[in-house]
Amino acid sequence: MNTIEDVLHKMDEIVLQCKAKKSRIGYFAILYRQVTKRIKEGIENDEFEDNPRMEKLDILFATRFFEAYELHLASASPTQSWACAFNTSTASGHMILQHLLLGINAHINLDLGIAAVLTMNGQDMLGIKNDFDKINIILASMVDGVKANLSLVSPVFGFLIQFANGKDEMLLDFSIKLARDGAWKFANEYLIALNQDDCLHLRDLSIANLGQKIAKPGILLNFITKLISLTEWKSVPDVMDQLEGIARKCAPNNLRSVHSIS
């Protein structure tokens, strides 16, 4: 991977593979491809503080997903965080949103911090903080849009979310804001760790455990999510097409005025 265009070509391949295999990994792949397209657009429009650096971050970030995906296809062992997402994708009884969040959990909570450290290559991490946050803003905007429009592919969830009063994250115990903050904290810990392999391993165990809670959120919620999943009757390729349309419409407009957020 030398350019963000290379990343998008690889994403296209993965999306086509997931559609052909009717793999639920495609739900995350569709969302992530739209995030990457928005980042490319932002680079072309000079919306980031350091656009060449953002391309480097995007490539390093995406490569971690690609490597995990290829290991999964080869029946090898990716990080446990990704293994949780991939293994759940082959199991029935999970909502579309769960599959999306499991991919986001592994990629933001584990991969983003590592990619940020590699991008800065020993420089002060504060230099990338604003652009780091902008990636999360793009992703959060798209996820919020997907949840708000999920009735197109998940009518029962779409109906229930109307009564969540903004607390729908409690259903699956996942918040992108908390994930962003945790990823930044981990990046700084990983940077100064005496043994980065050990630091990564411990973080991976923690994030895989969070993934298990998303996949199996307790007896009552597990029952509810299984019931909702039974009403999500559309095929995987159809769901992927609908998710792409939703995500495309929900990307934030201009990122130039966005600064580090609390």
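The values are calculated or read from the model by the stated rules, or taken from the named source; none is laboratory data. Worth saying up front: this structure is predicted, and the values here are computed from it rather than measured. Ideal geometry is used to build each Cβ from the backbone, glycine not excepted, and the neighbour counts take in all protein chains shown. Protein only, heavy atoms only, side chains kept; ligands, DNA and RNA dropped before computing areas. Shrake-Rupley method; radii C 1.70, N 1.55, O 1.52, S 1.80 Å.
Below, the figures for the structure above:
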quantity	calculated
Breaking point among (1) at pLDDT below 85; (2) open to solvent by less than 20 Å² (accessible area, probe 1.4 Å); (3) within 13 Å of the chain's Cα centre (by Cα), for Val153	(3)
Which numbered condition Lys147 misses (of (1) at pLDDT below 85; (2) assigned to a helix (DSSP H, G or I); (3) more than 18 Å from the chain's Cα centre (by Cα))	(3)
Among residues of the range 162-197, those that are at pLDDT below 95 and among the polar types (S, T, N, Q), counted	3
Per-region count, the range 62-76, residues part of a helix (DSSP H, G or I) and farther than 18 Å from Asn2 by Cα	6
Residue within the range 185-207 that is of a type outside the set (Gly, Ala, Ser), within 25 Å of Ala91 (Cα to Cα) and loosely packed, with under 14 Cβ neighbours inside 10 Å present	yes
Candidate set: the range 217-231, residues that are in contact (Cβ under 8 Å) with a residue 40 or more places away in the chain and not in a helix (DSSP H, G or I); chosen: the one farthest from Leu152 (Cα to Cα)	Pro217
Pairs, first more than 13 Å from Ile104 (Cβ to Cβ) in the range 205-216, second open to solvent by 70 Å² or more (accessible area, probe 1.4 Å), C-beta under 7 Å, six or more apart	Leu205/Gln80; Ala208/Gln80; Lys213/Asp173
Unmet criterion (only one of (1) open to solvent by 80 Å² or more (accessible area, probe 1.4 Å); (2) modelled with pLDDT under 80) for Trp233	(2)
Count of residues meeting criterion [assigned to a helix (DSSP H, G or I) and open to solvent by 10 Å² or more (accessible area, probe 1.4 Å)] in the range 118-141	9
Test: residue in the range 40-48 that is in contact with a Gly (Cβ under 8 Å, 6 or more places away or on another chain) and either outside any helix (DSSP H, G or I) or under 23 Å from Met125 (Cβ atoms) (or both)	yes
Odd one out for Ser235 among (1) touching a residue at least 40 places away in the same chain (Cβ under 8 Å); (2) touching a helix residue (DSSP H, G or I) at 6+ places or on another chain (Cβ under 9 Å)	(2)
Residue match in the range 82-92 (condition: open to solvent by less than 20 Å² (accessible area, probe 1.4 Å), within 27 Å of Gly245 (Cβ to Cβ), among the hydroxyl-bearing types (Ser, Thr, Tyr) and out of contact with any strand residue (DSSP E or B) (no Cβ under 6 Å at 6 or more places or on another chain))	yes
Residue selected from the range 236-261 under the condition buried (at least 19 other Cβ atoms within 10 Å of the Cβ) and not in a helix (DSSP H, G or I), by the criterion modelled with the lowest pLDDT	Leu255
